[in-house]
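Asks: Structure provided below as structure tokens; questions to follow.
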Amino acid sequence: MKANPGGQIDLNAVIGREGIIQILWETVEQQSLVITAERRIGKTTVIKKMRHEPVAGWVPVFQDLERCHSAAEFAMAVYKEIHQFLSQKGKVTRRAKEFFTAMGGVEVGGLFKLPEKAGTQWKDVLTRAVEDLIHENDVSGTKLLFLWDEMPFMLANIRDREGEQTAMEVLDLLRALRQTHGGLRMVITGSIGLHHILSSLKEKNYGNSPVNDMAAIDVPPLDQSDAIKLAGLLVEGETLPSPDLEAAADAIAREADCFPFYIHHIVKALKIRGLDATPENVAQVVASQLVDANDPWELLHYRERIPIYYREDQKAVFLILDELASRTGTATVNELLAMLKGASAFDDRERLLRLLSLMERDHYLKRDEDGRYRFRFPLICRWWTINRGL
Ligand SMILES: Nc1ncnc2c1ncn2[C@@H]1O[C@H](COP(=O)(O)OP(=O)(O)OP(=O)(O)O)[C@@H](O)[C@H]1O
Ligand SMILES: [Mg+2]
């Protein structure tokens, strides 16, 4: 197996993930779900594997919504999938088609397009297409499962192009459709946390909780044994000489915090530098990648997104992360509050609690059973220390 950090990987190059995928399938039987997880952890890979290896009763369809820039484009993309699904069963999307045609919509080369001035008609097409899906599909038949990657990114696109109102309407309509049609299932994920889009909409007085009927499931890094297996397969695939493959694979998995993306990167870097796979070379490669100005591991976003996500609280967030990184240990809420009071004008315990829970949702922090905070990923703590010159 060749190292391919960030690229499209073959299904047979996907290691592990059986456990989380089983949980996802079991959950889908009951409700729709949102996959939350840190960037580059392997979310897209997980849902692509679901698409290729569906369990009985489901026909999953994978849609990368990054391509949709308007609510109408989204509605048309969903309509198209429903149309294909039903056509394969010899059924038709009668309700949606009638409305779509009456609206002056056209189908060109398998793509559906509404006329420019269609306003909010996308809602009717989407609603009718879902009605067709639910009503035309017999109870015993296979069910369509939407796997929607980059949904938050699409919502941000819609918000920026068509306004907050339209982005909210997309979320509200999807929720209403889930409520009306018990059998409708969608899996939503993406590289930006959905909660950030929701909080930007809340600032525009959007008070709804449009995903509180969906299960939230976190994709963790690989299990340690799978991370070691992936590292070993990549070292072999790249034909790197290794006096002790087991020790090398172990070191790669450990240094990468079991993130498959970083495992690919380490092996690629060993290959490019012509180094043998040994624990010493692995440590050397990681140390240099963490300080590399080109940021091959795409870690800078952990720092750069803070001003955007946390705005007026950004200073407090930097201080908290600096404190936890330089302590290389844990801290209680009171200790963090005392530190913030000493270093800034921050003096609000409730606000700190809210901030800490957001930082947990953004995967910076983890809370112990006894309530002490620390960095969630040791690797990120290490990078933060280097990057911030602590
Ligand atoms: N199970 C796996 N086995 C082997 N390699 C993997 C696995 N999961 C992820 N990878 C590697 O990590 C890279 C990133 O994975 P993926 O694109 O699925 O992450 P993501 O969480 O969807 O990222 P983003 O947050 O940018 O959307 C892949 O290109 C591949 O190199
Ligand atoms: Mg992805």
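The values are calculated or read from the model by the stated rules, or taken from the named source; none is laboratory data. All figures in this text were calculated on a predicted structure; none of them were measured in a lab. Note: ideal-geometry Cβ built from the backbone for every residue, glycine included; neighbour counts use all protein chains shown.
Asks: Check Lys117, Lys91 and return the single one that is closer than 24 Å to Leu155 by Cβ and out of contact with any Pro (no Cβ under 7 Å at 6 or more places or on another chain). If you could, list the steps in order and put the result at the bottom.
Replies: Working: Lys91 fails: closer than 24 Å to Leu155 by Cβ.
Residue meeting the stated conditions: Lys117.
Asks: On the given criteria, is Gly193 within 16 Å of ligand 1 (Cβ to nearest atom) and either modelled with pLDDT under 90 or outside the structural domain of Gly57 (by TED's automatic domain parsing) (or both)?
Replies: Yes: the conditions hold for Gly193.
Asks: Filtering segment 346-390 down to residues that are part of a helix (DSSP H, G or I) and hydroxyl-bearing (Ser, Thr, Tyr), which residue is surrounded by the most Cβ atoms within 10 Å (Cβ to Cβ)? Walk me through how you get there before you give the answer.
Replies: The initial filter retains those residues of segment 346-390 that are part of a helix (DSSP H, G or I), namely 349-361, 378-387.
From the residues that got through so far, the ones that are hydroxyl-bearing (Ser, Thr, Tyr) too are 357, 385.
On the way: Ser357: 12, Thr385: 18.
The extreme case among them is Thr385.
Asks: If you scan segment 178-225, which residues turn out to be among the aliphatic types (A, V, I, L, M), more than 10 Å from Val34 (Cα to Cα) and part of a loop (DSSP other than H, G, I, E, B)?
Replies: So in segment 178-225, the residues among the aliphatic types (A, V, I, L, M) come out as 184, 186-188, 192, 194, 197-198, 201, 211, 214-217, 219, 222.
From what is left, the residues that are more than 10 Å from Val34 (Cα to Cα) are 184, 192, 197-198, 201, 219, 222.
Those that are among the aliphatic types (A, V, I, L, M), more than 10 Å from Val34 (Cα to Cα) and part of a loop (DSSP other than H, G, I, E, B): Leu184, Ile192, Val219, Leu222.
Asks: Assess whether Asn212 counts as being on the phi > 0 side of the Ramachandran plot and either free of Cβ contacts under 8 Å to residues at least 12 places away in the same chain or β-branched (Val, Ile, Thr) (or both). If you could, list the steps in order and put the result at the bottom.
Replies: Working: on the phi > 0 side of the Ramachandran plot: no; either free of Cβ contacts under 8 Å to residues at least 12 places away in the same chain or β-branched (Val, Ile, Thr) (or both): yes.
When the stated conditions are applied, Asn212 does not pass them.
Asks: Would you please list the contacts, defined by Cβ atoms under 6 Å and residues six or more apart or on different chains, that run from a residue in segment 183-196 that is under 18 Å from Val46 (Cα atoms) to a residue that is within 13 Å of ligand 2 (Cβ to nearest atom) and part of a loop (DSSP other than H, G, I, E, B)?
Replies: Note: pairs meeting the criteria are Gly190/Glu150; Ser191/Arg39.
Asks: Moving on to the next point. Is segment 47-64 home to any residue that is among the β-branched types (Val, Ile, Thr) and within 16 Å of ligand 1 (Cβ to nearest atom)?
Replies: If we filter segment 47-64 for residues that are among the β-branched types (Val, Ile, Thr), which is where we start, we get 47, 55, 59, 61.
Now restrict to residues that are within 16 Å of ligand 1 (Cβ to nearest atom): 47.
Looking for residues that are among the β-branched types (Val, Ile, Thr) and within 16 Å of ligand 1 (Cβ to nearest atom), one finds at least one in segment 47-64, hence yes.
Asks: Go through segment 200-232 and give me each residue that's over 30 Å from Asp172 (Cβ atoms), modelled with pLDDT of 95 or more and surrounded by fewer than 18 Cβ atoms within 10 Å (Cβ to Cβ).
Replies: Answer for segment 200-232, where residues must be over 30 Å from Asp172 (Cβ atoms), modelled with pLDDT of 95 or more and surrounded by fewer than 18 Cβ atoms within 10 Å (Cβ to Cβ): Asp223, Gln224, Ser225, Lys229.
Asks: Can I ask one more? Could you list all residues from segment 279-308 that are buried (at least 19 other Cβ atoms within 10 Å of the Cβ) and among the polar types (S, T, N, Q)?
Replies: Of everything in segment 279-308, those that are buried (at least 19 other Cβ atoms within 10 Å of the Cβ) and among the polar types (S, T, N, Q) turn out to be Asn281, Gln289.
Asks: Sort out which residues of segment 53-62 are surrounded by fewer than 21 Cβ atoms within 10 Å (Cβ to Cβ) and either within 16 Å of ligand 2 (Cβ to nearest atom) or part of a strand (DSSP E or B) (or both), and write them in order of number.
Replies: Within segment 53-62, the first condition is being surrounded by fewer than 21 Cβ atoms within 10 Å (Cβ to Cβ), and the residues that meet it are 53-59, 61-62.
Residues satisfying the conditions are Trp58, Val59, Val61, Phe62.
Asks: I would also like to ask the following. Taking segment 1-56 on its own, how many of its residues are within 21 Å of Gly141 (Cα to Cα) and of a type in the set (Gly, Ala, Ser)?
Replies: Final tally of qualifying residues: 2.
Asks: When you go through (1) among the hydrophobic types (A, V, I, L, M, F, W, C); (2) in contact (Cβ under 8 Å) with a residue 24 or more places away in the chain; (3) more than 15 Å from Leu365 (Cβ to Cβ) one by one for Ala338, which number turns out not to apply?
Replies: Against the list (1) among the hydrophobic types (A, V, I, L, M, F, W, C); (2) in contact (Cβ under 8 Å) with a residue 24 or more places away in the chain; (3) more than 15 Å from Leu365 (Cβ to Cβ), Ala338 comes up short only on (2).
Asks: For the subset of segment 246-278 comprising residues that are surrounded by fewer than 24 Cβ atoms within 10 Å (Cβ to Cβ) and of a type in the set (Val, Ile, Thr), which member is farthest from Pro221 (Cα to Cα)?
Replies: The selected residue is Ile272.
Asks: Across segment 173-193, what is the number of residues that are surrounded by 18 or more Cβ atoms within 10 Å (Cβ to Cβ) and under 26 Å from Glu131 (Cα atoms)?
Replies: 11
Asks: Hey, can you tell me all the residues within segment 1-34 that are modelled with pLDDT under 95, within 16 Å of ligand 2 (Cβ to nearest atom) and either within 17 Å of the chain's Cα centre (by Cα) or not in a helix (DSSP H, G or I) (or both)?
Replies: Asn4, Pro5, Gly6, Gly7, Gln8, Ile9
Asks: Search segment 226-240 for residues that are free of Cβ contacts under 8 Å to residues at least 12 places away in the same chain and pair each with any residue that is more than 9 Å from ligand 1 (Cβ to nearest atom) when their beta-carbon atoms are under 9 Å apart and the residues are at least 6 apart or on different chains.
Replies: So the pair list comes out as Thr239/Lys271.
Asks: What helices (runs of 4 or more DSSP H), lying completely within segment 63-169, carry at least 2 residues that are crowded, with 20+ Cβ neighbours inside 10 Å and within 16 Å of ligand 2 (Cβ to nearest atom)? Write out each step before concluding.
Replies: On the way: elements: 71-88, 94-102, 121-136, 151-162.
Answer list for segment 63-169: 151-162.
Asks: Can you say whether Leu299 is assigned to a helix (DSSP H, G or I) and of a type in the set (A, V, I, L, M, F, W, C), as far as the supplied structure shows?
Replies: So Leu299 does not fit the description; no.
Asks: If you don't mind, another one. Output the qualifying pairs, or none if there are none: Cβ atoms under 6 angstrom, residues six or more apart or on different chains, first residue in segment 351-363 and of a type outside the set (Lys, Arg), second residue at pLDDT 95 or above and not in a helix (DSSP H, G or I).
Replies: From segment 351-363, the pairs are Met359/Leu365.
Asks: Does Lys123 fit the bill of being in the same structural domain as Arg185 (by TED's automatic domain parsing) and within 29 Å of the chain's Cα centre (by Cα)? First the steps, then the outcome.
Replies: Details: in the same structural domain as Arg185 (by TED's automatic domain parsing): yes; within 29 Å of the chain's Cα centre (by Cα): yes.
Here the answer is yes, as Lys123 does meet what is asked.
Asks: Check Gly182, Gly190 and return the single one that is within 16 Å of ligand 2 (Cβ to nearest atom) and not acidic (Asp, Glu).
Replies: Working: Gly182 fails: within 16 Å of ligand 2 (Cβ to nearest atom).
Going through Gly182, Gly190 in turn, just one is within 16 Å of ligand 2 (Cβ to nearest atom) and not acidic (Asp, Glu): Gly190.
Asks: Follow-up question, since we're still on this one. If a residue must be of a type outside the set (Val, Ile, Thr), more than 16 Å from Pro378 (Cα to Cα) and assigned to a loop (DSSP other than H, G, I, E, B), how many such residues does segment 242-294 contain?
Replies: Looking only at that region, the number is 10.
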